[in-house]
Number of protein chains: 2
Amino acid sequence: MKNLSLKQLRYFEVLARTGHFGQAAEICAVTQPALSVQIKALEASAGAALFERTTREVRLTGFGVEFAERVREILRSVDELSDLARKAQEGLSGRLRLGVIPTIAPYLLPRFLTRLNGAFPDLDVQVRESITPRLIAELGEGGLDLALVALPVSERSLEEYPVFEEPMVLVRPEAEADAPVPDVTTLHMRRLLLLEEGHCFRDQALAFCNIPGGGPRDGLEGTSLSTLVQMVGAGMGITLIPEMAVPVETRSAPVSVARFRGPQPMRQVGMVWRKTSPLAERFRAIADLLAPDTSEPSVDAQ
Amino acid sequence: MKNLSLKQLRYFEVLARTGHFGQAAEICAVTQPALSVQIKALEASAGAALFERTTREVRLTGFGVEFAERVREILRSVDELSDLARKAQEGLSGRLRLGVIPTIAPYLLPRFLTRLNGAFPDLDVQVRESITPRLIAELGEGGLDLALVALPVSERSLEEYPVFEEPMVLVRPEAEADAPVPDVTTLHMRRLLLLEEGHCFRDQALAFCNIPGGGPRDGLEGTSLSTLVQMVGAGMGITLIPEMAVPVETRSAPVSVARFRGPQPMRQVGMVWRKTSPLAERFRAIADLLAPDTSEPSVDAQ
DNA sequence: TGGATTGATAAATCTTTCTTATGAAAAATC
DNA sequence: GATTTTTCATAAGAAAGATTTATCAATCCA
């Protein structure tokens with residue numbers, strides 16, 4: 001059964017259907033001898049006759065009948081493979097493993113996934129939420145295709161694709177709502193609540209406030225932005241959160257939100273993927289779906 | 001997706017498994033460029049990249065993963081096809097549609113089918129019982145592969161394969177058991193009970209007794225040998241039956257069985273199949289399984 | 001029996017696939 | 001940081017395989 005070819009199976013299937021070498025050859029767009037030779041080769045490699053030939057008619061042998069059933073099944077599978085390929089050419093399809101950092105996921109994913117599903121209905125999106133270093137590692141190992149993070153990640157093997165910039169805003173207890181917005185450089189004077197180590201948002205905030213990073217800050221850490229805001233509401237201090245988190249997180253806590261005056265602390269939101277990925281173009285199209293809604297309510301500077 | 005070949009799918013599967021062009025090429029017993037070219041051709045016809053290449057590693061894309069699953073399924077089916085072929089080469093396999101005439105079926109089939117199943121366990125035997133003309137027609141139309149009949153059938157397109165000869169024996173009421181066995185030529189003087197028209201055994205009996213065939217013989221016909229013997233037991237006349245029917249049919253009726261003296265009326269039992277059938281050799285092997293048991297009890301001439 | 005139909009076979013041509021030789025990029029090593 | 005190694009891609013000639021044209025042999029039909 002060596003040197004079996006799909007072409008032979010195709011010829012065989014048509015001949016089994018038509019029962020006529022001439023007609024089958026025409027359907028296959030080859031000459032009759034070409035088909036005869038291939039059928040003969042197929043029978044040789046199968047080790048048994050598939051057809052019983054008369055000048056009058058060409059009929060499947062008992063073995064041929066059984067053979068034909070399986071061949072049809074194989075050809076069907078192969079055609080499905082072609083369908084799959086054709087589909088993949090136009091719309092994106094298949095599995096997409098997407099990593100997202102925790103300070104983006106809850107606020108951007110709902111809208112993003114809706115859009116993604118609208119644009120690529122055949123895409124099977126699998127989301128994993130983790131901190132940037134883990135996502136980068138998984139990208140490198142091939143466990144992820146794409147990650148939605150804050151840029152830059154500065155990883156040589158990864159391509160960075162910025163999508164939009166976003167300000168960090170100040171969250172204070174509601175009682176301080178009318179107090180003047182402090183300068184960012186003075187924040188280290190206050191009890192500044194931040195996320196635990198590993199979150200890039202923590203590092204960005206520290207950098208912005210000119211506070212050296214490193215060790216833990218006992219009593220000043222929360223496991224999520226939501227927790228931080230609740231802590232602020234309880235009067236434990238102040239914090240920074242990304243603007244996109246404002247509508248969701250500040251709704252149920254007695255806090256006041258304000259933009260800083262002067263130079264805004266910003267973070268760059270974007271996507272990263274392996275430079276070698278052949279799907280880079282598709283990934284850019286996907287990333288563009290992240291572009292913020294212009295109708296989105298934003299926090300005014302006070 | 002044109003010009004897709006099984007070879008490409010095989011190469012692809014190995015490369016997907018090894019993740020290394022060099023190793024994959026070695027497994028496929030070709031050089032690395034050959035494999036590279038085929039993979040590239042496969043990707044071109046699929047219209048999308050299947051692998052993500054680094055000097056470090058070769059990894060399936062998301063699309064490639066989906067593609068690989070289906071390819072593996074296809075290759076599995078193809079291998080099964082090979083198994084089927086290999087099996088068919090040695091033992092006979094597949095479906096065998098066998099026709100048998102009613103004056104043979106009940107007596108020979110039990111033992112024959114047992115032997116057949118022993119010799120070719122993978123053979124799916126489908127038996128149809130009918131009179132010779134119908135069997136011949138079905139053979140011609142491809143509805144049957146093989147028929148077990150009385151020879152000759154004298155059909156140009158069929159090959160006849162005699163297996164054994166068998167005498168016809170006389171069945172009389174038990175009361176006549178001690179009477180001398182009449183000469184066959186005198187049988188037309190008696191009420192000779194025979195099968196209905198169409199049965200070859202009827203014609204053979206008539207020919208042997210020098211009685212012209214043709215029209216129906218009211219009141220002298222039975223639908224089966226079993227019926228005929230019961231009729232004889234009821235004193236309605238005498239009949240002829242093939243020797244193989246004796247043990248089964250004469251057990252429960254008050255009849256006496258006797259061989260004729262002098263030249264025995266005989267029938268030739270054998271098989272027929274289309275001369276064009278590529279399975280002729282197999283059919284001969286099958287027919288040989290019909291050879292009578294030498295330990296078989298036979299009816300002594302009186 | 002002679003023409004028509006149908007499948008098999010043979011030789012030449014064309015296409016595809018393979019091998020050998022070589023190049024280029026990234027990683028590992030010194 | 002230059003060099004060696006590893007690994008995949010590419011190119012050209014060689015080998016293998018498939019296709020076409022031409023022809024034959026067998027069967028059917030009139």
Amide H contacts under 5 Å for A:Leu60, restricted to residues at least 5 apart in sequence or on another chain and with H modeled in the peptide plane, are A:Glu52
Nm distances between the label at A:His20 and the same-position labels in the remaining copies, 7 Å along Cα→Cβ, shortest first?
5.6
If you place +1 on the Cβ of every Lys and Arg and -1 on the Cβ of every Asp and Glu, how big does the dipole about the Cα centre of the protein assembly as shown come out, in debye to the nearest 20?
1040 debye
B:Lys2/B:Val127 FRET efficiency (R0 51 Å; Cβ-Cβ; nearest 0.05)
0.65
Let's test the formula: R0 of 25 Å, r as the Cβ-Cβ distance of A:Thr223 and A:Glu160. What FRET efficiency results, to the nearest 0.05?
0.35
Note the distances from B:Arg53 to each other copy's matching label point, with points 7 Å along the Cα-to-beta-carbon direction, in nm, sorted shortest first.
4.4
Using the structure shown, list the pairs from A:Lys275/B:Lys40; A:Lys7/A:Lys275; A:Lys2/B:Lys275; A:Lys275/B:Lys7 with a Cα-Cα distance above 26 Å, or answer none.
A:Lys7/A:Lys275; A:Lys2/B:Lys275; A:Lys275/B:Lys7
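Taking 0.36 nm per intervening residue step and subtracting the Cα-Cα distance, what contour gain separates A:Arg95 from A:Gln268 on full extension?
59.6 nm
May I ask you to derive the FRET efficiency for B:Ala41 and A:Thr185 from their Cβ-Cβ distance with R0 = 45 Å, giving the value to the nearest 0.05? Mind showing how you got there, number by number?
Working: r = 62 Å, r/R0 = 1.38.
Efficiency at R0 = 45 Å is approximately 0.15.
For the residues B:Thr55, A:Thr276, what sequence is obtained by ranking on other C-beta atoms within 10 Å, fewest first?
Lowest count first: B:Thr55, A:Thr276.
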Label position 7 Å from Cα toward Cβ: report the copy-to-copy distances for B:Asp124 in nm, one decimal, ordered from shortest.
3.2
Within a 10 angstrom radius of each residue's Cβ in B:77-89, how many Cβ atoms of other chains show up on average? Whole number is fine.
6
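Which value, in debye to the nearest 20, gives the size of the charge dipole of segment A:169-254 about its Cα centre, when Lys and Arg are +1 and Asp and Glu are -1 at the Cβ?
Approximately 60 debye in magnitude.
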What does the charge count near B:His20 come to, summing +1 for each Lys or Arg and -1 for each Asp or Glu among other residues with Cβ under 12 Å from its Cβ?
+2
Would you mind giving the mean number of other chain beta-carbons within 10 Å of the Cβ of each residue in B:141-153, as a whole number?
1
Exercise: per-residue mean of other protein chain Cβ atoms within 10 Å, A:54-66
5
Taking the Cα centre of each part, how many Å lie between segment A:12-89 and segment A:103-159?
47 Å
Cα centroids of segment B:177-208 and segment A:186-214: how far apart, whole angstrom?
116 Å
Per DSSP H run of at least 4 residues, take -39500 (n - 2.57); add these up for chain A, divide by its residues and hand me the 222 nm value, nearest 500 deg cm²/dmol.
-12000 deg cm²/dmol
If every Lys and Arg gets +1 and every Asp and Glu gets -1 at its Cβ, then about the Cα centre chain A yields a dipole, in debye to the nearest 20, of 1040 debye
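Every number here is computed from the coordinates shown, using simple stated rules; none is lab data. In this text the structure is predicted, and so the values were computed from the model without any measurement. Cβ sites come from the backbone with ideal geometry, for glycine too, and all protein chains shown count toward neighbours.
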